[in-house]
Amino acid sequence: MPSMKMNLKSYVCVLAIAGSLGSTGFAADREAKVVDRMNASVETLTEMMHASDKGIPQELLDKAKCVVVIPGMKKVGFIFGAKYGSGFASCRRTGNVGWSAPASLRVEGGSVGFQIGASETDIVLLVMNDGGMRHLLGDKFTIGGEATAAAGPLGRDASAQTDAMMHAEMLSYSRSRGLFAGISLEGATLRPDADANRELYGRVVTNRQALTGTVKTPAAAQSFTHSLTRESARRD
């Protein structure tokens, strides 16, 4: 009997250790995925800003209060379509000195119409005013519902933008298969990604805390804020 009890204790101990190692491995895998998505966001922003005369206008980035980058947003559909993805947002610090720590976001939305197939699209949203920023600080918002957005103009000269673009809270841009365009995200919902924030910061951090500058940028996210600082300071 003592031997059986000892064997049972050993078995339970082994299970506990295995479970702990499995949890640690799973957490590390999730963290790696968040870092990979952060790196993809940096690449997306840099390439969409440097796309010669087809990229995001410099003057609009310079005026933006916040920037949202969603790398590889997926769209799938057969008659009924759906789109989903995740990325990061950052807002200018008080006095326009640098950018806030990034906040994780998920985008979800549906569309109806005849469509078939799947695609991946890189998305950049420029948040142009305080109204748009307030939406980012909330729990969730729907483009075309709570928030107004317009497909952004392309090229170095943004003077051709319409009044609607001037008054839109957000301007949206996309890149798919190397092609750049303004894109309509009507009906898409953006919400905080609490799990990604926890992996990025190692603790519970809300999007409001990150975007209002009350938390420091973690080492894994410094490349993202550095790229925003570099691109928004660029003058050609």
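Considering (1) closer than 20 Å to residue 36 by Cα; (2) modelled with pLDDT of 85 or more; (3) touching a strand residue (DSSP E or B) at 6+ places or on another chain (Cβ under 8 Å); (4) of a type outside the set (D, E, K, R), the lone condition that residue 121 does not fulfil carries the number (2). Is it true that some residue in region 155-165 is surrounded by 14 or more Cβ atoms within 10 Å (Cβ to Cβ) and either outside any loop (DSSP other than H, G, I, E, B) or modelled with pLDDT of 85 or more (or both)? Looking for residues that are surrounded by 14 or more Cβ atoms within 10 Å (Cβ to Cβ) and either outside any loop (DSSP other than H, G, I, E, B) or modelled with pLDDT of 85 or more (or both), one finds at least one in region 155-165, hence yes. You will find that of 198, 191, the residue that is at pLDDT 80 or above and either closer than 16 Å to residue 56 by Cβ or assigned to a strand (DSSP E or B) (or both) is 191 and no other. Quick one: would you say residue 33 is modelled with pLDDT under 90 and either crowded, with 18+ Cβ neighbours inside 10 Å or in a helix (DSSP H, G or I) (or both)? It is true that residue 33 is modelled with pLDDT under 90 and either crowded, with 18+ Cβ neighbours inside 10 Å or in a helix (DSSP H, G or I) (or both).
The values are calculated or read from the model by the stated rules, or taken from the named source; none is laboratory data. Because the structure is predicted, anything quoted here is derived from the model rather than measured. Glycine gets a Cβ as well: all are built from the backbone with ideal geometry, and neighbour counts include every protein chain shown.
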